[in-house]
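First up is the structure itself, then whatever we jot down about it.
Nothing in this text is a laboratory measurement; each read-out follows from the coordinates by a stated rule. No experiment lies behind these values; they were computed from the predicted model shown. Cβ coordinates were reconstructed from backbone atoms using ideal geometry, including for glycine residues, and neighbour counts include every protein chain displayed.
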Amino acid sequence: MPNQSPVDLPDEMLHLSLCHGQVRVLICRTTALSREMALIHQPSPVALAACSRIMSGTLMLSVMMKSADDSVTVTVNGDGPAERIVCVGHGTEVKIAPTHPEIDLPLRKDGHLDVGSYIGHHGRLSVIKDLGLREPYCGQISLVSGEIGEDFAHYYTVSEQKPSIVALGALVSNGFCVSAGGVLVQPLPGCSEEILDQLEIRSMLFSSISREVADRTLDSLYTAWFDGLDPILLKRESIRWRCDCSRDKMERALIALGRTELTQMIQEDGGAELVCHFCRKNRQFTKEELTSLLSKAQN
Ligand SMILES: [Zn+2]
């Protein structure tokens, strides 16, 4: 692809190791999936940046999970106007449900989007890993800044006891996502002090990640950032936006509501309209359809 600008390259996640396995690195481009999310939720610029960062962070967690059936749900609940944002990663796929994508805020004094104020500087970030038949894993931390990257880094340090460097960014211009991406650097147990110092120094290079992924390929980024640390590319995978909701799942959710609520819907509302919070698709259920579900419901 000689003439393709990095801005238009497909989204992908690169898995790397540094220093002969002493450090794990993930780098992703999430531009296309952020644009797709924007078409669905019509977010303000600050909400677009916040959601994009959360999706990049969630994908990093989900691609590291062992089984293809595992999924991860990240909920960011701050005291800012965004209120609650729920993001689900399933392998290489991600979806997000912001509560208030329409709210916008003035730029910060330095000209950047004020993601921290949109999310709020106080609140929680929780991670639930659904591990199929095994007990789910739950971790929760207090938000550090609401800027998302720092909050994910804090999560790795506190909940998973894996101190990590995380940088997440989205470049938004006139409400359009120009580029988005992130990097995770995770020293593994036994990593030498010398390497830790090196990683700390190089982390300065990640501060303009959103601009960097606009101008360069992920390969050229990691080769430059980790020069001298023996970066080895372990895996390259496509990542994408996808909502896996279906009429079938919604029927099951309706059945799970129970007889009392279903009867109420039939008698008082004469049917139901359910909207998926992730993809905004709405599905109608007629009185007759609800009545047939009633026979499958308990209580
Ligand atoms: Zn959906």
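Miscellaneous remarks
- Ordering His154, His112 from the fewest to the most neighbouring beta carbons within 10 Å gives His112, His154.
- Fewest-first ranking of Ser67, Ser34, using other Cβ atoms within 10 Å as the exposure measure: Ser67, Ser34
- Cleavage-rule hits (trypsin sites (Lys or Arg not before Pro)) in the range 1-89: DSSP loop, at most 12 neighbouring Cβ within 10 angstrom: Lys66
- Put in order of Cβ neighbour count within 10 Å, fewest first, the listed residues Ile195, Ile85, Ile165 become Ile195, Ile165, Ile85.
- Using only alpha-carbon positions in the range 247-294, the gyration tensor eigenvalues give semi-axes of 18, 11, 9 Å once each is multiplied by 5 and square-rooted (largest first).
- For q = 0.09 Å⁻¹, Debye-computed log10 I/I(0) when each Cα of the chain counts as one equal scatterer: -0.48
- Taking the longest Cα principal axis of the chain as reference, the axis of helix 149-158 is set at about 90 degrees.
- Between 0 and 90°, nearest 10: helix 193-202 axis offset from the chain longest Cα axis: 70 degrees
- Among Cys28, Phe285, His15 - extreme Cα towards positive end, dipole of the chain, charges at beta-carbon: Phe285
- Note on Lys129: aspartates and glutamates with a C-alpha under 15 Å away, same-chain residues under 8 apart excluded, are Asp69, Asp70, Glu93, Glu160.
- Cα convex hull of the range 111-188, projected area averaged across orientations, nm²: 6.7 nm²
- Highest GNM mean-square fluctuation among Cys87, Cys177, Cys276, for the chain modelled with Cα contacts below 10 Å: Cys276.
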